[in-house]
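For reference, the structure discussed in these notes is given below.
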Amino acid sequence: MARPSNRRRGRKGASPFLDKGLTATVLGLGMWTLSAVLAGHPMLGAAATALRTPAWWAIGIGALLLCVHALLSRRKAGRGSASPNATQPTAQPQNPRGAKPPEPATAPVAGEAQGVRDTATAWSPAVFAAIEWRRFEAVCEALFAQAGFETRSQSHGADGGVDIWLHSKNATGPVSVVQCKHWQGKPVGVKELREFFGVMASHGLKRGTYATTSTYTADARAFAQANGISALDGAGLLDLIARRTPEQQHALLAVAHEGEYWRPTCASCGVKMKARRSVGAGAPFWGCASFPRCRRTLPMTKAAAALMPGTAA
């Protein structure tokens, strides 16, 4: 059986007042036009005069039906907008030809925590595990500032392999560079150290510091020792912090716990990411708040998921 056309389905769903009002108006205008054409004819002039009365009636009835339709439509629209539970469909972004296909549908995590969390009162590996990568970089920068260096860093974007530039009052230009790697469990390998050494050489620097919350492979440590790189792992950083005064340690803790310290920062946009859950698989992850303009994501650790209401497995 043939399916009705879109035009026929659209007319069927229209208001009967609109349909009949338009028909009557068009019919009246047609009769009035015909009477005007025939008015000058010697034999049909009487017929032209006779057409004007029904033409006026048709136009009047059509106008009345159109007014009724307008009143009913306005009343219906008022009821729809007054409903407190009414929701509007969200327009989906178009995928232009040749563009990358959209990411799998995601949904914000219900009940995402926004309040103040309990913070540590002393330094331990748990502090490094709780904070996000940008807070870790800020702690490293504050640590070198306490040692007397003038520091310069950037919050996001391409950094050219350098997270922190170290300057001395007695020298022109940077005297050293620092690369920070906030990794959990995965050791830093010799590949990362070779890349960092290349950055040092490109700036004519003889010394640099590579800081990580994780550990280093044996090859990475040997390469660092042979090429003037201070390789600080999580234990080494905690030992360095322990040598600071209690006031300085407290100041470093304040830097670590500044703002939403647990929520990662988008490395591309510099804004805090949002907890999201894949609609299909249901696994929680971090997604940029600027989606879909920025599609950067980060995996969410089990510890972070446990602290987010509605995300724990």
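Mean shadow of segment 15-76, computed from the convex hull of its alpha carbons, in nm²?
3.8
Provide the per-residue ³J(HN,Hα) series for segment 240-245, in order, calculated from phi with Karplus coefficients 6.51, -1.76, 1.60 and θ = phi - 60°, each as a whole number of Hz, with x at glycine and proline positions.
Ordered by residue, 3J(HN,Hα) equals 5, 5, 5, 7, 7, 5 Hz.
How far apart, in nanometres, would the label points at E258 and L29 be if each is projected 7 angstrom from Cα along the Cα-to-Cβ direction?
Those two pseudo-labels are separated by 6.9 nm.
Ratio of Rg to Rh for segment 127-185, alpha carbon only, Kirkwood?
Details: Rg = 12.1 Å, Rh = 12.2 Å.
Result: Rg/Rh = 0.99.
Using 0.36 nm times the number of residues separating S153 and A36, minus their current alpha carbon distance, what extension gain do you get? All intermediate terms of the calculation are to be shown ahead of the outcome.
Numbers: separation 117, 0.36 × 117 = 42.12 nm, distance 8.34 nm.
Answer, rounded to one decimal: 33.8 nm.
Using amide H atoms built 1.01 Å from N in the peptide plane, name the residues 5+ places from V175, or on other chains, whose amide H lies under 5 Å from its own.
Those lying under 5 Å, H to H, from V175 are L166, H167, S168.
Residue-wise, which Karplus ³J(HN,Hα) couplings in Hz belong to segment 144-149, taking 6.51 cos²θ - 1.76 cosθ + 1.60, θ = phi - 60°, and x for glycine or proline?
With coefficients 6.51, -1.76 and 1.60, one gets 6, 5, 5, 7, x, 7 Hz.
Let me make sure I get this right: for segment 125-256, a, b and c are the square roots of the gyration tensor eigenvalues over alpha carbons, sorted descending. Under 1.5 in a/c it's rounded, otherwise prolate if a/b > b/c, else oblate. Which is it?
oblate
Suppose the chain between T217 and V271 were pulled fully straight at 0.36 nm per residue; how much longer would it get relative to their current alpha carbon spacing?
16.2 nm is the gain from fully extending T217 to V271.
Can you flag which of K181/K274; K181/K272; K186/K274; K169/K272 are past 27 Å Cα-Cα?
Result: K169/K272 exceed 27 Å.
To make sure I understand, if each residue's beta carbon is the centre and we count other beta carbons within 10 Å, what order do V279, V162 fall in, fewest to most?
V279, V162
Just so you know, all these numbers are worked out from the coordinates, no wet-lab data involved. The shown structure was predicted, so the numbers you read here are calculated from the model rather than taken from an experiment. Please note: Cβ atoms are built from the backbone with ideal geometry, for glycine as well, and neighbour counts cover all protein chains shown.
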